[in-house]
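For reference, the structure discussed in these notes is given below.
The values are calculated or read from the model by the stated rules, or taken from the named source; none is laboratory data. In this text, all values refer to a predicted model and were calculated from it rather than measured experimentally. Using ideal geometry, Cβ is built from the backbone for each residue, glycine included, and neighbour counts are taken over all protein chains shown. Accessible surface areas use protein heavy atoms only, side chains included; no ligands, DNA or RNA. Shrake-Rupley method; radii C 1.70, N 1.55, O 1.52, S 1.80 Å.
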Amino acid sequence: MILVTGATGAVGREVAAQLAAAGPVRILARRPERLGAFGNRAEVVAGAYADRQALDRALRGVTSVFLVTNSPTEPDDERVAAAAAEAGVRHLVKLSMMAVEEPDASDLITRLQRENERTIRESGVPWTFVRPRTFMSNTLSWAAGIRSDGVVRALHGDAPVACVDPRDVAAVAVAALTGTGHEGRAYAVSGPEAITAREQTAQLSRALGRPLRFEELGVAAARTALLAKYPRPVAEAFLESAERQRAGAKAGVVSTVRQLTGRSARPYSVWSADHADAFTGRDDR
Ligand SMILES: NC(=O)c1ccc[n+]([C@@H]2O[C@H](COP(=O)([O-])OP(=O)(O)OC[C@H]3O[C@@H](n4cnc5c(N)ncnc54)[C@H](OP(=O)(O)O)[C@@H]3O)[C@@H](O)[C@H]2O)c1
């Protein structure tokens with residue numbers, strides 16, 4: 001049995017769906033209602049990482065785990081790795097991030113992910129780290145501005161990023177979970193090309209069949225917008241990360257998707273066409 005966490009999120013949902021198409025899968029979710037109808041295609045255990053009893057129930061009879069964490073304050077990787085070690089799990093595939101292997105990246109989130117990886121290495125459970133670049137799905141945060149006035153507002157409009165489709169990140173994770181020889185390996189995962197926010201806006205405009213305008217946000221305005229959604233240390237980490245993008249640090253393309261799945265990584269034009277409904281009001285995500 002494979003246990004998938006984060007199945008209400010961008011990558012975990014895809015991992016669970018891809019695995020469920022081939023065999024039985026178990027999901028640990030703290031808010032199972034967010035799984036929607038998909039919850040019927042898997043065995044669902046309700047609970048958060050801090051709930052050790054729920055974790056133990058979820059890990060019973062499990063050989064492999066897909067782990068997604070995103071709390072800057074909770075020791076969730078430690079909790080899951082310790083329970084997985086005790087349960088005799090044979091392989092833990094962790095969703096990490098590409099910046100951990102880039103020495104110039106020193107923002108809070110990257111530092112925490114480096115710590116999380118270290119915790120997992122030291123847990124004794126064989127591991128694989130999947131380290132994606134920025135998810136294409138982050139641009140769903142543009143939906144409100146697009147719906148209301150046809151404007152995309154973002155920082156550093158001309159800074160390229162080799163953003164990746166979460167479906168491709170998931171396919172790499174599924175290859176690691178279901179294949180052999182991936183223990184002790186870390187896989188950087190990018191999309192097929194580096195693309196700027198201005199270019200993404202143009203591609204979204206084609207996908208939606210309506211004109212969109214790009215408006216570059218200054219750092220102060222971006223900080224205000226981030227502080228409305230995140231605690232200050234997290235908002236500052238996102239700004240530091242955006243500054244690395246402005247300086248060109250996120251443009252590198254890697255061929256991991258092709259190497260592990262045999263298919264090419266999807267470009268943003270495909271992601272935007274497949275998710276056009278999310279920007280039109282017909283699909284309120
Ligand atoms: N976004 C990016 O561009 C990007 C790029 C590279 C790497 N990453 C990495 O990918 C990971 C996920 O990214 P994200 O923030 O965008 O996440 P996300 O897609 O929102 O997924 C987070 C998932 O983790 C679940 N979760 C969080 N805390 C939990 C807990 N205590 N117990 C049970 N489930 C819990 C969430 O459940 P709920 O639905 O209940 O919240 C959700 O399903 C992070 O580690 C991040 O560093 C992200």
| query | Are any residues in the stretch 173-193 touching a Ser or Thr at 6+ places or on another chain (Cβ under 6 Å) and of a type in the set (Val, Ile, Thr), and if so, which ones? | reply | Val189
| said: within 19 Å of Val161 (Cβ to Cβ) and either out of contact with any helix residue (DSSP H, G or I) (no Cβ under 7 Å at 6 or more places or on another chain) or among the polar types (S, T, N, Q) (or both): which single residue out of Ala247, Ala237, Ala265 fits that description? | reply: Ala247
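Being in contact with an Asp or Glu (Cβ under 8 Å, 6 or more places away or on another chain) and either surrounded by fewer than 20 Cβ atoms within 10 Å (Cβ to Cβ) or closer than 30 Å to Leu92 by Cβ (or both): is that true of Glu240 here?
Working: in contact with an Asp or Glu (Cβ under 8 Å, 6 or more places away or on another chain): yes; either surrounded by fewer than 20 Cβ atoms within 10 Å (Cβ to Cβ) or closer than 30 Å to Leu92 by Cβ (or both): yes.
So Glu240 fits the description; yes.
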| Does Val125 satisfy the criteria of being β-branched (Val, Ile, Thr) and either open to solvent by 30 Å² or more (accessible area, probe 1.4 Å) or farther than 24 Å from Arg258 by Cα (or both)? | yes
| task | Would you mention how many residues in the stretch 247-260 are assigned to a helix (DSSP H, G or I) and surrounded by 15 or more Cβ atoms within 10 Å (Cβ to Cβ)? | result | 3
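So which strands (runs of 3 or more DSSP E) are wholly in the stretch 1-119 and hold at least 2 residues that are within 8 Å of the ligand (Cβ to nearest atom) and crowded, with 22+ Cβ neighbours inside 10 Å? Even if it seems obvious, please write down each step before you answer.
Details: elements: 2-5, 25-29, 43-46, 64-67, 91-95.
Hits in the stretch 1-119: 25-29.
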| query | Could you say which residue among Thr110, Thr128 is β-branched (Val, Ile, Thr) and closer than 28 Å to Ser272 by Cα? | reply | Thr110
| task | Inspect the stretch 123-131 for any residue being touching a residue at least 24 places away in the same chain (Cβ under 8 Å), away from the ligand (no atom under 11 Å from the Cβ) and charged (D, E, K, R) and give the result as yes or no. | result | no
